[in-house]
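The structure under discussion appears below in the form of structure tokens.
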Amino acid sequence: SVAKRAAAEVAQHDKVPRPVGFVPPPPPCPGKIRYFKI
Amino acid sequence: APAAPPPPLGCDDPESEAAAEVAVNYINDHSHHGYKFALNRIEQVRVLPQGPNNEILFLELDLLETTCHILSPTPLANCTVRSFTEHAVEGDCDVKLQNLDGKLSVLASKCHSHADSSEDVHQLCPDCPLLASLNNTEVLATVTTALNDHNSKTHDAYLRLLEIGRARIQNHPVHVVSVEFAVAATNCTAEEAKVNLEACQLLPEDQSNFGFCTATAVMRPSQNLQVDCQLYGHQPGVTYSQPGQDTS
């Protein structure tokens, strides 16, 4: 559990802070719907 | 450091859309029955590099049926997608293509189509007529009556039935049967057919003339039949194979 906690803390610190207003790119698929979805 | 791998191809990327267009044209060109289908959505795209300027693409496509019969000369871009309330039909297709030196070609395709659920249609439109089975007795009777009605009034070629494309039945507030069917001109006029129907055969391939009819028969409260048949004119190279003679 010590190892896990340490790993979690490291992972927390490693997270790259996202710039304000960052919008993740849309997932590559599925694509846009051209008419309607049934 | 080795170059980073290219980002995965997106479903709305130009290369995916170009491949989808080649795939949809291939599917329509190799279909002999029913209606033309249009691209509604690229569900998935996978790329398998094969070497320099050579890759295999796997597409999962979501198509929608249009109102153009497969024998119609109307370009797909001018074909209207059947609306939701007309009881839409969806096609799911898996297509394998090769992109070799920038030239796309279809290696294999597999599709299956299914109508939207009746619940979906009636949720949006409670009184909308629903698709009926093509061998429903009322449907068959309406097609026969409509074609006989056309042939009894026309001064042009006697028409024979090729296939029933779709049929819908509305039960209330009036009982209505709507049918669409493909026809072909024979070597007889309608007058000659009255004398010797056996002699009336479909025109040979180099003179074939296909067409399409729509008909609406109000059954109750009073009988009323409306029929509209249009011939496309001869289309070189366009043939029709009777169902069951198809190569898949």
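All of the numbers you see were taken from the coordinates with simple rules; none came from a lab. In this text the structure is predicted, and so the values were computed from the model without any measurement. Methodologically, a virtual Cβ is constructed for each residue, glycine included, from the backbone with ideal geometry; neighbour enumeration extends over all protein chains shown.
Annotations
- Angle between chain B longest axis and helix B:14-29 axis [Cα atoms, degrees, rounded to 10]: 30
- Extension gain (nm, one decimal) between B:GLN242 and B:GLN201, 0.36 nm per residue minus Cα-Cα: 13.3 nm
- Taking every alpha-carbon pair under 8 Å whose residues sit at least 6 apart, chain B reaches a relative contact order of 13 percent.
- Rough spin-label spacing in nm, given labels placed 7 Å along Cα→Cβ, for B:GLU138 and B:VAL47: 5.3
- Residue-span extension gain [B:GLU15 to B:THR189] - 0.36 nm each, minus C-alpha spacing: 57.5 nm
- Degrees separating the helix B:137-153 axis from the principal Cα axis of chain B, which is the longest one: 70
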